[in-house]
1. Enumerate the residues in the stretch 362-396 having an amide nitrogen under 17 Å from the point lying 7 Å beyond the Cα of GLU117 toward its Cβ.
2. Applying a 10 Å radius around every beta-carbon, put 235-248, 76-89 in order of their mean neighbour count, most first.
3. Given contacts defined as C-alpha pairs under 8 Å and at least six residues apart, what's the relative contact order of the chain, whole-number percent?
4. For ARG14, what charge total do you get from the other residues with a beta carbon under 11 Å from its beta carbon, if Lys and Arg give +1 and Asp and Glu give -1?
5. Excluding HIS98 itself, calculate the net charge of residues whose Cβ lies under 13 Å from the Cβ of HIS98, where each Lys or Arg counts +1 and each Asp or Glu counts -1.
6. Would you list, by chain and number, the lysines whose Cα falls below 25 Å from the Cα of LYS372, excluding same-chain residues fewer than 8 positions away?
7. Rounding to the nearest 20 debye, state how big the charge dipole of the stretch 260-395 is about its Cα centre with +1 on each Lys and Arg Cβ and -1 on each Asp and Glu Cβ.
8. Could you give the accessible area per residue of the chain, probe 1.4 Å, as a whole number in Å²?
Amino acid sequence: MKEIVLINITGPDRPGLTAAITGILARAEVNILDIGQAVIHDTLSFGILVEMAGEAGMADVLKDVLFRGYELDQQVRFTPVSADEYSRWVTGQGKPRHIVTLLARRVTAEHIAQVSEITARYGLNIDHIDRLSGRIPEGLPADQGKGCIEFSVRGEPSDPGTLRAEFLTIAQQLNVDIAFQQDSIFRRNRRLVVFDMDSTLIDAEVIDELAKAAGVGEQVSEITERAMRGELDFKASFRERMALLKGLPVSVLEEIGASLRLTEGAETLISQLRRLGYKTAILSGGFSYFAEQLQARLGIDYVYANALPVKDGLVTGEVLEPIVDGQRKADLLRELAEREGISLEQTIAVGDGANDLPMLSIAGLGVAFRAKPLVKQSAKQAISTLGLDGILYLLGFRDREGF
C-alpha cells in the first residue's frame, strides 16, 4: 500500500542539506510528488511531498530523515496526506493562475496585509510570494528605495472588474502600485514595447515648453491639460496649439531639445529591453524633431510623431497630416506587431494621456505611467510610485538578473 507524507524542514540554511535529505529518500526508492524550497535571511523552509510503499519501510525512512535533520540543526515535521486530500490537490492544478505585483518605495506589513486580504476575499489562493527587488541598504533615503513583491495566486476572481477597482483604490490610499494580470505564456514573452514620449519617456510636455518660449505658455498648457484628460478632441486641440507657435525661432527648438530630461528609470528600461532582444518604438502626439533625438540617444527602433514645419528659420504653425492621435497610435501598434511577426498579446504599450488609451487597450500589457485619473482607471495596469523600469517587474524580472 502506498503512503503519502509531507515532509517540512526548517532551520539555518546549509550547503548540502537538500542532497543529504533526498539521498536518504533515494536509497528507499521514494517518489517525489512535489518539492519546494525558499531561503529568507539565511533561514531555510523546505517541503517535500513523497510517496512510499508500506508503513514499516516508511517508518525507517522517516526516522533516518529526522535524525539527519537533527544533525544539521533542522526542525523536521511529518504530515500524512490522505488519498482524498491528494486527489483534491491534483484536481486543483487546472485552475487559472494570476500574478499580483506590489510596487512601492518601501514595502510595509500594511501593504502585504491589504493585498492578501483582498485576494482572499475574491476567492484567490496565494501559492507563492517572492521578492523581485534587490536588498535595500540601510539608511537609503525613502524616496530612492525600490521594492517589489510578487504574489502567484490560484483561482478565478468572482468579479475581476471590482477586484481591479479595489486594488486601484487601495493603491492610491497607500501610495503604492498594484498590478493584476493573468499568468500566461506571454507574460515573459513580450517582444515589442511602444512608448508615448511627453511625460512618459521624458519628464516634460514639449509643446508646453515651446509655448512658454513663444509667450503663450498658459494658453497652450491649459489646452494640453484638457486634451490629456480627454476633455478635448486631440486633433482639434493640436491644430489650435500649433497655430499659437507660429513664428517661433528654430534656435529655441535646439535649446529645449538639449534641456529635456529622461523620466526616472527610462534609460535603464530601454537598455535592458534592448539587451533582451525587444523591439522598441516611440508613438507620440508630440514632435518628430525631439523624438528622433531620443531615438539616437536611447537606441529606439521606430519613431512615429508629428512634423514641426519650419520655414526661413521660423515655425510656421501649420499642421501636416497624418496627425498622430490616439487612433493613429493604435493603428501603428498593430502595424508594428504585424511587421515584427508577433501577436498583439506580445506587445506592451506605455503612456500617460487619454490619447494613449486606444493603444493601451489593445496591447497585451497596457501600462498607464504616472497618468491622469481617467487613464489610470481605464488602463489594464498603472505605475505611479516607481520609475519606468518598474515595468520590468511586471514582466517578472528580478533585480539580481542584471537591471
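The values are calculated or read from the model by the stated rules, or taken from the named source; none is laboratory data. Source: prediction; values computed, not measured. Cβ: placed from backbone, ideal geometry, glycine included. Neighbour counts: every protein chain shown. These area figures cover heavy atoms from the full protein model, side chains too; ligands, DNA and RNA do not enter into them. Shrake-Rupley method; radii C 1.70, N 1.55, O 1.52, S 1.80 Å.
1. Under 17 Å, as judged by backbone N against the label point of GLU117, lies no residue of the stretch 362-396.
2. 235-248, 76-89
3. Once divided by the residue count of the chain, the mean separation gives 15 percent.
4. -4
5. +2
6. Qualifying lysines at Cα under 25 Å: LYS146, LYS212, LYS235, LYS329, LYS380.
7. With Lys and Arg at +1 and Asp and Glu at -1, about 340 debye.
8. With the other protein chains kept in place, the chain gives 48 Å² per residue.
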